[in-house]
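Asker: The structure under discussion is supplied below as structure tokens; questions concerning it will follow.
Quick note: the coordinates plus some simple rules give every number you see, no bench work behind them. What you are looking at is a predicted structure, and each value in this text was computed from that prediction instead of being measured. Cβ atoms come from the backbone with ideal geometry, glycine included; neighbour counts cover every protein chain shown.
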Amino acid sequence: MTLKRQVKQLGDSAIVYDAQLLSQISATEFDPEHWQAAESIAGVGRGETLLIELAGMDCVLRHYYRGGIPGRFLNDQYLWTGQERVRSIREWDLLQEIADTGLPAPIAVAARYVRRGIWYTADLITRRIPDVTPFSHWLEQEEKDPRIWAVVGRCIAEFHAAGFCHADLNAHNVQITNDGRVYLLDWDRGRRRAPGKWHSSNLARLHRSCQKISGSGRVQFTPREWVDLVNGYSQL
């Protein structure tokens, strides 16, 4: 394991970073205004992400936003229950565990929280995966390589075999590279678990996501394609 985990305390805030990737980092690198010229893209999760260059690396800066009903009132604020439970730091640590196994997910660079009383906000910086297309967009292509379905299924099976449970496995968080490799993104609230019924629940969530996209009329998602994915999953 080459990770050199460093924690930089800044009053009631803190930054966790990999000292193998960064010699230093400050709060400035998490400030969107610092990256005014950076490209803003629709994030795989809620809100937007920024494509930035940090220490010579192409990276993605993501601010955490709440979803559902709480998001209507709190937007980006989370209840403080201790540093070890901060969303960005937990995702950073999980991504490091995933990296240790060699499974295809973003490389964690740095995570931050800013605490204000009983609330905090959070940010995460990861290495950018080049030349990727969300599975949801891939589904809309007129000419698709049918073999990708099995590749996606096998990728998910490898994560499951290692005990990694994705909290929101949908067609946006599955990413396809130009050469047909598959990555899983957005590991917020993900965790490592013992084998169980969550395997099938994960797959069911992805299935519902594909069906929902198909309902838009831009995608023809067929039972045959899902069988190909499940067959790929079962091959591990």
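Asker: Filter the chymotrypsin sites (Phe, Trp or Tyr not before Pro) in region 62-125 to those in DSSP coil with at most 15 other Cβ atoms within 10 Å of their Cβ, and list the result.
Answerer: Values: sites: 64, 65, 73, 78, 80, 92, 113, 119, 120; in loops: 64, 65, 80.
When the chymotrypsin sites (Phe, Trp or Tyr not before Pro) of region 62-125 are filtered for loop state and at most 15 Cβ neighbours within 10 Å, nothing remains.
Asker: If you don't mind, there's one more thing I want to ask. Output the 0 to 90 degree angle, nearest 10, between the alpha-carbon long axis of helix 148-161 and the longest principal axis computed from the alpha carbons of the chain.
Answerer: 50
Asker: Moving on to the next point. Which entry is the computed Cα extents along the principal axes in Å for this structure: (1) 53, 40, 29; (2) 48, 42, 34; (3) 55, 36, 36?
Answerer: It is the one labelled (3).
Asker: Taking only DSSP H segments of four or more residues, each worth -39500 (n - 2.57), what value at 222 nm results for the chain once the sum is divided by all its residues, to the nearest 500 deg cm²/dmol?
Answerer: Numbers: 6 runs with 69 residues, N = 236.
One gets -9000 deg cm²/dmol as the mean residue ellipticity at 222 nm.
Asker: Still on this structure, please answer the following. Output the 0 to 90 degree angle, nearest 10, between the alpha-carbon long axis of helix 223-234 and the longest principal axis computed from the alpha carbons of the chain.
Answerer: 60
Asker: Say we join alpha carbon atoms closer than 10 Å with springs in a Gaussian network model of the chain; which of 40, 136, 216 then has the biggest fluctuation?
Answerer: Among 40, 136, 216, the largest mean-square fluctuation in the Gaussian network model of the chain belongs to 216.
Asker: Ok, one more. Stokes-Einstein at 37 °C, 0.692 mPa s, Kirkwood radius from Cα pairs: D for region 5-127 in µm² s⁻¹?
Answerer: Numbers: Rh = 14.9 Å.
For the chosen part, D equals 220 µm²/s.
Asker: Jot down the radius of gyration and Dmax of region 132-234, Cα atoms only, both in angstrom.
Answerer: 12.9, 39
Asker: Going by amide H atoms built from the backbone, whose H comes under 5 Å of the H on residue 54, apart from near neighbours?
Answerer: The list, which skips near neighbours in sequence, is 59.
Asker: Right, here's the next one. Any idea what angle helix 198-214 forms with the longest principal axis of the chain, computed on alpha-carbon atoms, 0 to 90 degrees, nearest 10?
Answerer: Roughly 80 degrees, rounded to the nearest 10.
Asker: Here's another thing I want to ask about it. Where Rh is the Kirkwood radius over the Cα pairs of region 80-138, the temperature 10 °C and the viscosity 1.306 mPa s, what D in µm²/s does Stokes-Einstein return?
Answerer: Answer, rounded: 122 µm²/s.
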